[in-house]
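Right, one structure below, let's go through it.
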């Protein structure tokens, strides 16, 4: 999906196919596909970094280099203007297509890529309809800051909601 060689990002065939399926977004299709792939990769890096022991410095350095390259690619896409022109109708069409691709995916990586893209497109749609502007830049900022990166599809630990004592104040 995404590979890093000598600090440069290379996108795999899955990202090209994803961009083709996003054709309702026009010129922004490639950028949205790449953003989704980078967000997926950031999630994978997050999970991988948790698995690495603190004493394996070489692997941690390689992981940090990959994270820096993917983060730089996300920042570049956010600032490039390539995501302009995304509209609600195109987003709805793409969400429907990606939901179909998600069901048809044959590998976990494909499923994760399509699921992340549906999430990204959904956030874009909400932002687009609520404020009339594309909100992918905000989502990219959250991923870069660590709060928006997916965690590899693992269930999140959530605290159970307390029932309280039933009295209102």
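Derivation of every value follows stated rules applied to the coordinates shown; laboratory data play no part. Keep in mind that this is a model prediction, so the values were computed, not measured. Heads up, the Cβs are rebuilt from the backbone with ideal geometry, glycines too, and the neighbour counts pull from every protein chain shown.
Only counting other Cβ atoms within 10 Å, I'd like 3, 107 sorted with the fewest neighbours first.
Ranked by crowding around the Cβ, least crowded first: 107, 3.
Got a sec? How would 51, 59, 30 order by Cβ neighbour count within 10 Å, fewest to most?
With the sparsest Cβ surroundings first, the list reads 51, 59, 30.
How high is the relative contact order of the stretch 1-125? Use alpha-carbon pairs under 8 Å, at least six apart in sequence, and give a whole percent.
On the way: 129 pairs, mean separation 36.8, N = 125.
29 percent.
Sort the stretch 4-50 into rounded, prolate or oblate with this rule: let a ≥ b ≥ c be the square roots of the eigenvalues of the Cα gyration tensor; rounded if a/c is under 1.5, and if a/c is not under 1.5, prolate when a/b is larger than b/c, oblate otherwise.
It comes out prolate by the Cα gyration axes.
Rank the residues 101, 114 as a footprinting-exposure proxy: fewest other Cβ atoms within 10 Å of their Cβ go first. The partial results should precede the final answer.
Working: 101 19, 114 24.
Final ranking by Cβ density, sparse to dense: 101, 114.
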